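See below for the structure under consideration.
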Amino acid sequence: MGSATAPTSPNALCFSDGLPSTGLPCHVEISADGLTVRFDEHNGLGDVNLPFRALSVSAGGLNHDQLVVRWGTAPSTQTVYLKDPSLIRTFRSAAPPELMKELDATAAAVRRARSRNRMAWGITAAAIGALMVGIWFSMDLLVGWAVDRIPLDWERRIGESAYQDFLIQHPAVKDGPAVAAVQEISERLIAHIPGNPYTFEVAVVKSEVVNAFALPGGYVVVFTALLQQAENAEEVAGVLSHELNHVLERHALQRIVKQLGLVTTVGIIIGDQQGLARVMKQIGVELLSLKFGRSQETEADVTGLQLLHRSHIDPSGMITFFQRMTQKERGGVEWLSTHPMSAGRAQRLEAEIARLPKTAAEPFTFKWNTVQDALRPVAVRG
Amino acid sequence: MKHEILYPGAFPMVRVELAAGETIKAESGAMVASSPTIDIESKMEGGFLGALSRKLLTGEKFFFQTLRASRGAGEVLLAPTVPGEIVIMELDGLNEYMVQKDGFLAGSESIKIESQMQSLSRGLLGGEGFFILKVSGKGSLILNSFGAIHKVELKPDQEYIVDNSHLVAWSGTTSYHIERAASGWVASFTSGEGFVCRFRGPGVVYIQSRNPGSFGAWVRQFIPVSE
């Protein structure tokens, strides 16, 4: 212990028995021989001069970023915590070789601890990334599993409420040649669906918008404007066949489950189908504004063509209607906004037709002219 | 700046007297009342990115409020959201404190607040999240706890075990690591403790007498489930 000198600004904390547990601020000076620890005069503690050989070092603090210098023997060990990087550098440059070894070992241990920490973060980030990628790519598979687990009854209830709501705002045409024609086309198609689990309901709704859509559970709506635009019954059959196949392939349910996200998907797989309608309500999934994905459209096209073929209806009506509507379309053809007719799509449909064996088409019992004539006055009056 | 804790116990407040021109920064929403001479400013401590990182990383509020005695001396009353004690510490410029995200109530203008990332094991199992606040500089630091606040003083190399989620703040000279509460995995969880933090001195550790997470779980069972 030396004599007390003029106070200097503290740059370290000193710890030992009898000192506060938060450490006593002190000033550490480093010379070629060792270090001097000075305390504020009012603490009543004198300077401490310590040769390097009396010291041992280690790393301390939460992130091992402080140099802990220790001296004395237990139980009267004393330590100073150095945090200032320039002070630590001065200590290193002044330290004799034997203490340098200790310092290097300490620094190596800290580096190892930090690299272990970084590695742990890296591995975790990579694992989370891999999991996300895995989920992203297996999402369709997961959605498929989830949809398979939704009972038909539930699907029907989901579709029915949207269907009824729609019909309240847009009254269905009750009877007449148009309704009879749509019924005949639908019945022919439905009769050729193998193992059909659905009870389809097809409604004709008076509207100047060219549109048709299908809701989960087997509810299909055709707008009168679409019937007016169709040049023959085969074109209407093409649209209906496409829509029926959206139902059969449960495309709407797939979209809903996908929109609701992973939590719901997993919930359904685990067995919480009951929650679907509630969750839909909560986040406001609008069945009527649901758009199908490109792969779902292709699937409905292909299975739709096959159904037309099995039903002995000329499948080329599907293509001609899409193409004509695309050429004509300058607004008002809502159906095309969800069913854009690209050149690729037309080619795919034509290739699919070419693959199907040729069969003779069976005509319908109604005359298409009569249907359109019946629609005209309705449209004018409306 | 003078301060005083009013109504010590479960529902305390701090009265801070500011001289003309003096400022104090406080957690957003902490002000209860003030003299008409005090202006409230919203400030993103550490700039936009600093504030954003604090918000995203620690869950602390994006803005701190700065209360400035711009129109003459006055007083401010501050209180935390949760019931619990308040403790005032004087930082000497050398001691740094790590503060869990909900522990900061207010501090002098001169203190520095940063977000600090914890190691993976501490972040995952320590109960404070991956990021905590590092408070340094010279000035007053006002902390609040959930329940009573208890100070544990640790001598060099002295160890102490704290259940995770009971930590409020600890000095930068201490270190801790996470370990299972009991020797076996099953016993660790059946004992109700799971993981604990083993602290090593020197330094001080402030702990809170209630665990916010456990309290939340306890309250949840009384909330009616709406269909």
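With r as the distance between the Cβ atoms of A:Ala130 and B:Glu109 and R0 = 30 Å, compute the FRET efficiency 1/(1 + (r/R0)^6) and round to 0.05. Intermediate values should be presented prior to the final figure.
Numbers: r = 46 Å, r/R0 = 1.54.
With R0 = 30 Å, the Cβ-Cβ based efficiency is 0.05.
What fraction of the Cα pairs in chain A, stated in percent, has a spacing above 36 angstrom? Show your work: numbers first, answer last.
Details: 37303 of 72771 pairs.
Considering chain A, 51 percent of its Cα-Cα pairs are separated by more than 36 Å.
For chain A, give the magnitude of the charge dipole about the Cα centre (Cβ charges: +1 Lys/Arg, -1 Asp/Glu; no others), in debye to the nearest 20.
Details: 36 positive and 39 negative charges, 107 e Å.
Charge dipole of chain A: 520 debye, to the nearest 20.
Helix-derived [θ] at 222 nm for chain A: sum -39500 (n - 2.57) over DSSP H runs of at least 4, divide by residue count, nearest 500?
On the way: 14 runs with 207 residues, N = 382.
Here the helix-only value at 222 nm equals -17500 deg cm²/dmol.
Expressed as a whole percent, how much of the Cα-Cα distance distribution for region B:64-175 exceeds 19 Å? Please report the intermediate quantities before stating the final value.
Details: 3103 of 6216 pairs.
When all Cα pairs of region B:64-175 are counted, 50 percent exceed 19 Å.
Which of the pairs A:Lys206/A:Lys258; B:Lys2/B:Lys134; A:Lys83/B:Lys112 have their Cα atoms more than 21 Å apart in this structure?
Working: A:Lys206/A:Lys258 32 Å; B:Lys2/B:Lys134 23 Å; A:Lys83/B:Lys112 16 Å.
Beyond 21 Å between Cα atoms: A:Lys206/A:Lys258; B:Lys2/B:Lys134.
With an 8 Å Cα cut-off and a minimum separation of 6 or more residues, compute the relative contact order for chain A in percent.
Values: 516 pairs, mean separation 48.4, N = 382.
With pairs under 8 Å counted, the relative contact order is 13 percent.
How shielded is B:93-100 by partner chains, expressed as the average number of their Cβ atoms within 10 Å of its Cβ atoms? It would help to have the intermediate numbers written out before the result.
Values: counts 4, 13, 7, 4, 1, 2, 0, 0.
That average works out to 4.
Tell me, in nm to one decimal, what length is gained between B:Tyr7 and B:Tyr160 on full extension, where the rule is 0.36 nm per residue of separation less the Cα-Cα distance?
Taking 0.36 nm per residue and subtracting the Cα distance, the gain is 52.0 nm.
Averaging sequence separations of C-alpha pairs under 8 Å and six or more residues apart, then dividing by the length of region A:12-109, give the relative contact order as a whole percent. Write down the numbers at each step before the final one.
Details: 151 pairs, mean separation 25.2, N = 98.
Relative contact order for region A:12-109 comes out at 26 percent.
Sort A:34-46, A:120-132 by the packing proxy (mean of other Cβ within 10 Å over each peptide's residues), most packed first. It would help to have the intermediate numbers written out before the result.
Working: A:34-46: 16.7, A:120-132: 11.2.
Listed from highest to lowest mean packing, they are A:34-46, A:120-132.
Per-residue mean of other chain beta-carbon atoms within 10 angstrom of the beta-carbon, peptide A:16-24? Before the final figure, lay out each step's value.
Numbers: counts 3, 2, 1, 3, 4, 15, 15, 9, 2.
Partner Cβ neighbours, averaged per residue: 6.
Order these by the 10 Å Cβ neighbour count, fewest first: A:Val80, A:Val222, A:Val110. Write down the numbers at each step before the final one.
Details: A:Val80 25, A:Val222 28, A:Val110 16.
Sorted ascending by nearby Cβ count, the order is A:Val110, A:Val80, A:Val222.
Express the Stokes-Einstein translational diffusion coefficient of region A:12-109 in µm² s⁻¹, to the nearest whole number, given a Kirkwood radius over alpha-carbon pairs, 37 °C and a viscosity of 0.692 mPa s. Could you put the intermediate results ahead of the total?
On the way: Rh = 13.7 Å.
So the translational diffusion coefficient is about 239 µm²/s.
Once every Cα of region A:133-255 carries one equal point scatterer and solvent is ignored, give the base-10 log of I(q)/I(0) from the Debye formula at q = 0.21 Å⁻¹, two decimals.
Per q value, in the given order, log10 I(q)/I(0) is -1.20.
For region A:43-183, calculate the relative contact order in percent as a whole number, restricting contacts to Cα pairs under 8 Å that are 6 or more residues apart.
Values: 69 pairs, mean separation 20.5, N = 141.
Here the relative contact order equals 15 percent.
Going by average Cβ density within 10 Å per residue, which order do the peptides B:161-172, A:156-167, A:21-32, A:357-368 take, highest to lowest?
Details: B:161-172: 22.2, A:156-167: 17.1, A:21-32: 19.1, A:357-368: 11.6.
Order by mean packing, descending: B:161-172, A:21-32, A:156-167, A:357-368.
Every number in this text was worked out from the coordinates using simple rules, so none of it is lab data. Quantities reported herein were computed from a predicted structural model and do not represent experimental measurements. Note that each Cβ is placed from the backbone with ideal geometry, even for glycine, and that neighbours are counted across all protein chains shown.
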